[in-house]
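These notes are about the structure you will find just below.
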Amino acid sequence: MLLLSAIATLALHGALCLARPAPAETQNDCAPVHIMSARGSNQPPGEGPTLAPLVDAIVADHPGSTREPIVWPALIFPYAESSHNGTLAVTAQLTAYVERCPKSKIVLLGFSQGSHVIGDSLCGGGGLPGIGPITDPISTTIGDHVSAIVWLGDPRHRGNDTYNRGTSVRDGIFPRLQSQSCEHYAANLQSYCDTRDIFCDSGDSLHVHRGYIPKYLEAAKQFVNERLR
């Protein structure tokens, strides 16, 4: 019932998201920093209104950076199919960029379902009702090219992970299995989740879920900048 209530609440509010076009790449050659972002459920294609300000802030500190949204439906219904497709998209786009530009520093940013699919790509996915079959993680020969990872409101949040930030100490609605731990990437990862968040804290507040930017924008940007030094 909690899962159905959370999904229904987000679906009801999805239409309120305002479209923001995805910025075009600033150059065709490999950039010193490349930012890949995965938007939240039901947000318009591109970076989405939640992550775009964080991407803008990082680009402002790193002129010449390029930006690339993960391309997948990001639908709340059917969630299992959408998140599975998103996981495959992250794996495909990240692999393609690393193979093309192995010397670039890569930043991965995710909000809500976007955090879910980045985590499932890096660390393995599926395995719980509502999110599909178990999938293998991307090879660390690809994943280790990622310099910084930031998640906001991850539905697969676990309350005791070392890379957690924010006030939540509870699991999300799809807590990551122990076999899908992201500890390999912990030094380069921060996952923000606050108490009562309807998805990452299994709480009752969509307002909290939508409140990570600007609350944590500066902290997340500083973390990314440190990892890019």
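The values are calculated or read from the model by the stated rules, or taken from the named source; none is laboratory data. Small disclaimer: the values here were computed from a predicted structure and weren't measured. FYI the Cβ positions are ideal-geometry reconstructions off the backbone, even for glycines, and counts take in every protein chain you see.
At a glance:
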quantity	calculated
Options V59, V107: the member that is crowded, with 16+ Cβ neighbours inside 10 Å, among the hydrophobic types (A, V, I, L, M, F, W, C) and out of contact with any helix residue (DSSP H, G or I) (no Cβ under 7 Å at 6 or more places or on another chain)	V59
Candidate set: the stretch 16-56, residues that are hydrophobic (A, V, I, L, M, F, W, C), part of a loop (DSSP other than H, G, I, E, B) and modelled with pLDDT of 95 or more; chosen: the one surrounded by the most Cβ atoms within 10 Å (Cβ to Cβ)	A31
Residue check for S121: among the polar types (S, T, N, Q), under 25 Å from R196 (Cβ atoms) and buried (at least 19 other Cβ atoms within 10 Å of the Cβ)	no
The one condition in (1) of a type outside the set (G, A, S); (2) modelled with pLDDT under 95; (3) under 16 Å from the mean Cα position of the chain (by Cα) that I70 fails to fulfil	(2)
Residue list for the stretch 175-184, filter: within 17 Å of D144 (Cα to Cα) and either buried (at least 20 other Cβ atoms within 10 Å of the Cβ) or of a type in the set (S, T, N, Q) (or both)	Q180, S181, C182
Residue in the stretch 124-131 that is crowded, with 24+ Cβ neighbours inside 10 Å, touching an Asp or Glu at 6+ places or on another chain (Cβ under 7 Å) and not hydrophobic (A, V, I, L, M, F, W, C) present	no
Looking only at the stretch 190-217, and only at residues there that are in contact with a strand residue (DSSP E or B) (Cβ under 6 Å, 6 or more places away or on another chain) and free of Cβ contacts under 8 Å to residues at least 60 places away in the same chain, the one that is surrounded by the most Cβ atoms within 10 Å (Cβ to Cβ)	Y192
